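These notes concern the structure reproduced below.
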Amino acid sequence: MALDIANRVRASLASFEPYDPAFTPCRINLSANENTREMPDGMLEQLKGAVAVVEFNRYPDPLANNLRDVLAARHGVERANIIVGNGGDELLFNTLFAFGGPGHSVVTAPPDFAEYANFAAQTETPVVQVWRDADTFALDADALVAAAKEAALVILTSPNNPTGGLVDQVLVGRLLGETNALILIDEAYVEFAGEDASVASWVPSNPRLIVLRTLSKAFGMAGLRVGYLVADPDVVAELSAVRQIYSVDVYAQAAAEVAVKAREQYAPIVADIRSERERLFGALAELDKVMAWPSSANFLLVRVPNAARVRQRLRDDYSILVRDFSAAPGLADCLRITVGTREENDAVLDALAALVGEDA
Ligand SMILES: *Cc1c(COP(=O)(O)O)cnc(C)c1O
C-alpha cells in the first residue's frame with residue numbers, strides 16, 4: 001500500500017520537493033556563485049592545522065563563542081551582536097521561524113533569492129512581494145516602505161541574487177525610520193561590492209536592522225556551511241533560543257575562525273574577481289543579442305535568446321555549467337554566470353559567442 005504521503009505531511013509543506021541545484025559535473029562550473037580561485041597562500045595549511053587538533057568526540061560549543069568573538073572584533077561590535085549558523089540559509093530559515101508565521105508577514109522584492117519564498121512557505125509566513133522594475137530590476141522604494149508598514153519583516157538582498165544590484169542605503173534608512181518592521185539585509189555578496197556597501201556598522205544604533213553575511217562566497221568556503229548575522233542582542237537571543245543546538249560543527253567553527261582572522265589575505269582575490277567581473281561584463285556587452293545587467297556581486301545576469309537551450313548546449317557541448325533562470329517569474333531568457341578565473345571566463349565568452357552566432 002502506498003503511504004499517501006501528501007495527506008500525512010503538514011499541509012503547508014505538501015507541495016515541496018527536494019532542492020535541485022541542477023548540478024552536472026562539468027569542466028567549468030560557474031553555476032552556484034562559488035569562489036573558484038585558489039585559497040590565499042598558506043591558508044590550506046593553516047586550516048589543516050586548526051582542524052587537526054579538533055576533538056571530534058566532543059560536542060561543539062553550541063553558540064560558537066570563539067568564532068563569535070572573532071566576528072565581533074572584525075565588525076567592531078559585541079559578541080552579543082553575532083549569531084553563527086549552518087550557512088546563511090539556516091539563519092534565514094530561523095529568522096522566518098522566529099519572527100514570521102501566521103499573521104507576521106514578510107516583504108520581499110523579487111526576482112530575488114528563491115529561498116526566501118521557500119522558507120516563508122515552510123514557516124507559514126505570508127509573503128508580500130514588491131516586484132522590481134521588469135527591465136532594470138530597480139527597487140520600488142515607496143511601495144516597499146508602504147508594504148513594510150504592515151509587515152513583521154522585510155528581506156532585501158544587497159547585492160541582489162540573481163540581478164546583481166545593491167540596495168540604496170537611503171532606502172534602508174527609510175525602512176528603519178518610517179516603519180516598525182525588522183529589516184534583514186542579506187549581504188552574502190557584499191565583499192564584491194566593497195566595504196562601503198555594507199550596513200553592518202549601522203546595527204548598534206538600529207536595533208531593528210539584521211545583516212546577514214556568509215563565508216560561502218568571498219571566503220570561498222561554501223562547503224564549510226558557515227554564515228552569521230550581525231543584529232541587536234535581543235534578536236540574537238531570540239534566534240539563539242530557537243536554533244538547532246549543535247548546527248555548527250567543530251570543524252566549521254575552527255576553520256571559520258582561521259579564515260576570518262586572515263580576511264585581509266582574501267582582498268587580492270576579491271579584487272581580482274571584481275576586475276574579471278568588469279571585463280566579462282564589457283565583453284558580454286559586445287556580443288550580439290546578449291544583454292547583461294551591471295553587477296556588484298561575483299556573478300552576472302544575462303539575457304540571451306533561447307536561454308534554456310543555450311544553457312543546455314553550454315553544458316553538453318562545452319562542459320560549462322551556468323544557472324538557468326529562464327523559467328523563473330520576471331527572468332525570461334535569463335542565465336546567471338558566476339565570475340570565474342580569467343581562463344574560465346574566456347571559455348564561457350567564446351562558447352556564448354559561438355552559440356548565439358549560430359542561433360543555438
Ligand atoms: C549564497 C547565499 C546565501 C547564503 O548561503 P550559505 O551558503 O547558506 O551561507 C544567502 N543569501 C543569498 C542571496 C545567497 O546567494
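Can you tell me the dipole magnitude for the chain around its Cα centre, using point charges on the Cβ only (Lys, Arg +1; Asp, Glu -1), in Debye to the nearest 20? Numbers along the way, then the final one.
Numbers: 31 positive and 49 negative charges, 99 e Å.
Value, rounded to 20: 480 debye.
Kindly identify segment 86-225 as rounded, prolate or oblate by the Cα gyration tensor criterion: order the square roots of the eigenvalues as a ≥ b ≥ c, call it rounded if a/c is under 1.5, otherwise compare a/b with b/c, prolate if a/b is larger, else oblate. It comes out rounded by the Cα gyration axes. Scanning residues 5 or more positions from ILE210 or on other chains, those with amide H under 5 Å from its amide H are ILE183, LEU184, ILE185, with H placed 1.01 Å from N in the peptide plane.
Given axes a ≥ b ≥ c from the Cα gyration tensor, I'd like to know whether segment 194-281 is rounded (a/c under 1.5), prolate (a/b larger than b/c) or oblate. It is oblate, given that a/c is not under 1.5 and a/b is not larger than b/c. Ordering VAL248, VAL290, VAL199 by Cα displacement along the dipole of segment 195-301 toward the positive end leaves VAL248 in first place; charges were set at the Cβ atoms of Lys, Arg (+1) and Asp, Glu (-1). Dividing the convex hull volume of the alpha-carbon atoms in the chain by its residue count gives 157 Å³ per residue. Hey, quick one: spin label on TRP131, modelled 7 Å out along Cα-Cβ, who in segment 316-354 has an amide N within reach, i.e. under 15 Å? So the set is 327-333. Students often get this wrong: which residues of segment 334-353 have the backbone nitrogen under 12 Å from the point 7 angstrom along Cα-to-C-beta of LYS289? Of the residues in segment 334-353, 352-353 have backbone N under 12 Å from the label point off LYS289. Sequence-ordered 3J(HN,Hα) estimates for segment 233-244 from the Karplus curve with 6.51, -1.76 and 1.60 and θ = phi - 60° stand at x, 5, 5, 4, 5, 5, 5, 5, 6, 10, 7, 5 Hz, glycine and proline given as x.
For the chain, what does the helix formula give at 222 nm: sum of -39500 (n - 2.57) over DSSP H segments with n ≥ 4, over the residue count, nearest 500 deg cm²/dmol? Could you put the intermediate results ahead of the total?
Numbers: 11 runs with 131 residues, N = 360.
For the chain, the value works out to -11500 deg cm²/dmol.
Remark: C-alpha extents of segment 1-61 on the principal axes read 55, 38, 23 Å, sorted largest to smallest. Taking a Cβ cut-off of under 13 Å around SER326, the surrounding Lys, Arg, Asp and Glu residues balance to a net charge of +3, with basic ones at +1 and acidic ones at -1. Between amide H atoms placed 1.01 Å from N, distances below 5 Å from VAL130 occur with THR108, ALA109, all of them 5 or more places distant or on a separate chain.
Lys and Arg at +1, Asp and Glu at -1: add these up for the other residues within a Cβ distance under 11 Å of ASP346 and post the number. Provide the component values of the computation, followed by the final result.
Working: positive: ARG279, ARG342; negative: GLU276, GLU343, GLU344, ASP350.
Residues near ASP346 contribute -2 overall.
Amide H contacts for ALA222 (H built 1.01 Å from N in the peptide plane; partners 5 or more residues away or on another chain; cut-off under 5 Å): ASN35. Taking all C-alpha pairs of segment 232-349, those more than 20 Å from each other amount to 58 percent.
Here the simple spin-label model places points 7 Å from the Cα toward Cβ, and for ASN7 and ALA80 these points are separated by 5.3 nm. The DSSP beta bridges internal to the chain are antiparallel in roughly 50% of cases.
What area, in nm² and to one decimal, does the C-alpha convex hull of segment 32-109 cast on average over all directions?
On the way: hull surface 35.0 nm².
So the mean shadow area of the Cα hull is 8.8 nm².
Sequentially through segment 168-173, phi angles give Karplus couplings (6.51, -1.76, 1.60; θ = phi - 60°) of 4, 5, 4, 5, 4, x Hz, Gly and Pro residues having no value and appearing as x. Converting phi to 3J(HN,Hα) with the Karplus coefficients 6.51, -1.76 and 1.60 and the offset θ = phi - 60°, segment 331-343 yields 10, 3, 6, 9, 10, 10, 10, 6, 6, x, 6, 3, 5 Hz in sequence order, with x at every glycine or proline.
Throughout, read-outs are computed from the coordinates displayed, never taken from laboratory work. Not measured: the values here are computed from a predicted model. Please note: Cβ atoms are built from the backbone with ideal geometry, for glycine as well, and neighbour counts cover all protein chains shown.
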